[in-house]
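Nothing in this text is a laboratory measurement; each read-out follows from the coordinates by a stated rule. All figures in this text were calculated on a predicted structure; none of them were measured in a lab. We place every Cβ from the backbone using ideal geometry, glycine too, and count neighbours over all the protein chains shown.
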Amino acid sequence: MNEFDSIKRCNFLITSKEQFCDLFKAESSDFDDEFFKENALYAHIGIIGSNDYSFIESINADGNQLIVSRIDIYAWPKTDDYACCNMLIKLKKSDVENISHILVKQKYGSE
């Protein structure tokens, strides 16, 4: 574990161009009004060790909950450097239109 493990990682469900622009403070031609007619984005923003990596094992909608299973892998050798771990996952908007909160199930591993 490192000093950034206590920082709350941010998870968002983005369903409109306006939400995307508010979150990232920028526009993208890839994520315009047309994209958000049928799609949504799950966004994860966090900090990890520069040698470590993280990936999404699965994303499932269950009632009003988006359940995200994530795996963080701690690599060796450890360094004192840190990097951003940002993920955008495309979802079908109709599958997530009733989501009111996100539950992240996190697993840890090592190389």
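Couple of notes before you dig in:
- Rounded to the nearest 20 debye, the dipole magnitude of the range 1-91 is 180 debye, with +1 charges on Lys and Arg beta carbons, -1 on Asp and Glu beta carbons, and the Cα centre as origin.
- Measuring nothing but alpha carbons in the chain and taking Rh as the Kirkwood radius, the Rg to Rh ratio lands at 1.01.
- Positive-end ranking of SER58, LEU88, SER29 along the dipole of the chain, with charges on Cβ about the Cα centre, is headed by SER58.
- Helix-only mean residue ellipticity at 222 nm for the chain, each DSSP H run of n ≥ 4 adding -39500 (n - 2.57), per residue, nearest 500: -3000 deg cm²/dmol
- Neighbourhood charge, 14 Å Cβ-Cβ cut-off, centred on SER94 and excluding it, Lys, Arg +1 and Asp, Glu -1: +1
- Taking trypsin sites (Lys or Arg not before Pro) across the range 1-107, the ones in a DSSP loop with at most 11 further Cβ atoms lying within 10 angstrom of their Cβ are LYS8, LYS25.
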